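Each remark here refers to the structure printed beneath this line.
Each reported figure results from applying straightforward, stated rules to the coordinates on display, with no laboratory input. The structure presented is a predicted model; accordingly, all values stated were derived computationally and were not measured. Glycine also receives a Cβ, built like all others from the backbone with ideal geometry; neighbour counts cover every protein chain displayed.
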Amino acid sequence: MAARPAAANEAPGSKEASNIMLGDGEQRSVKVIEVGTDAQVRLAAPLFDQYRVFYGQKADLQASYEFLRERWIARESVLFLAIADSGEASGFVQLFPFFLTGPMRRFWVLNDLYVKPSGRRKGTARALMRRAERYASETGSAGLTLSTAIDNVNAQALYESEGYVRDSLFFYYNRFLP
């Protein structure tokens, strides 16, 4: 299998645990790693496939793996995995870069965040979001942006509790192509 080519200016991506203080005052440790091997991409693929199904897409594990692997090899995204004590992946966050022309700085799109049902309400999503934010800081980024479904009130509450603010200055338009 092809290895991901090295980058001279790549930010640190080591295995680590993040201690997360939950709303109930309980502290939990969530291990979050940056995907750095093909085996880890394979570990992320079932979660990515479940995420796509959640948003109404047809399940396709092989296509999910290939999509993630292509992004990883081409350095088009950064992927972090939450790893349960059992060694299973319990969630992921995927970032895509874009640039702000005004301040002429990188800005990360927190495009995908998913925690499987057995990993929810344990601080996993919060740990993934905090790792994404730290990565943005490590790479000199101006910040992060994300979007979510209007009816996804649980996710909105999480984002707002982490300091994200709903945009009130811009409308976003999409033009989907066949």
Item to check | Those residues of the stretch 66-86 whose amide nitrogen sits under 20 Å from the label point placed on residue 96, 7 Å along Cα→Cβ | outcome: 66-81
Item to check | Share of alpha-carbon pairs per 5 Å distance bin for the stretch 106-158, given as whole % | outcome: 4, 18, 26, 25, 16, 8, 2
Checklist entry - Viscosity 1.567 mPa s, temperature 4 °C: Stokes-Einstein D of the stretch 35-81 from its Kirkwood Cα radius, in µm² per second? => result 122
Checklist entry - Roughly speaking, what is the stretch gain from residue 154 to residue 174, that is 0.36 nm per residue apart minus the C-alpha to C-alpha distance, in nm to one decimal? => result 4.8 nm
Checklist entry - Across the stretch 108-116, in residue order, what do the Karplus-derived ³J(HN,Hα) couplings come to in whole Hz, using 6.51 cos²θ - 1.76 cosθ + 1.60 with θ = phi - 60° and x for Gly and Pro? => result 9, 8, 7, 7, 9, 9, 8, 10, 5
Next on the checklist: Please list, by residue number, every one of the trypsin sites (Lys or Arg not before Pro) in the stretch 124-177 that is coil in DSSP and has at most 12 other beta-carbon atoms within 10 Å.
Outcome noted: 166, 175
Checklist entry - What is the distance, in nm, between label points placed 7 Å from the Cα along the Cα-to-Cβ direction at residue 38 and at residue 75? => result 2.0
Item to check | Spatially proximal aspartates and glutamates relative to residue 31 (Cα-Cα < 19 Å; intrachain offsets below 8 disregarded) | outcome: 16, 85, 88, 112, 133, 138, 162
Item to check | Neighbour-limited loop hits for GluC sites (Glu not before Pro), the stretch 45-113 (at most 13 other Cβ within 10 Å; DSSP other than H, G, I, E, B) | outcome: 76
Checklist entry - Suppose R0 equals 22 Å; then what is the FRET efficiency for residue 165 and residue 54 from their Cβ-Cβ distance, rounded to the nearest 0.05? => result 0.35
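Loop-only chymotrypsin sites (Phe, Trp or Tyr not before Pro) in the stretch 36-125, please: DSSP not H, G, I, E or B, and at most 14 other Cβ atoms within 10 Å.
When the chymotrypsin sites (Phe, Trp or Tyr not before Pro) of the stretch 36-125 are filtered for loop state and at most 14 Cβ neighbours within 10 Å, 55 remain.
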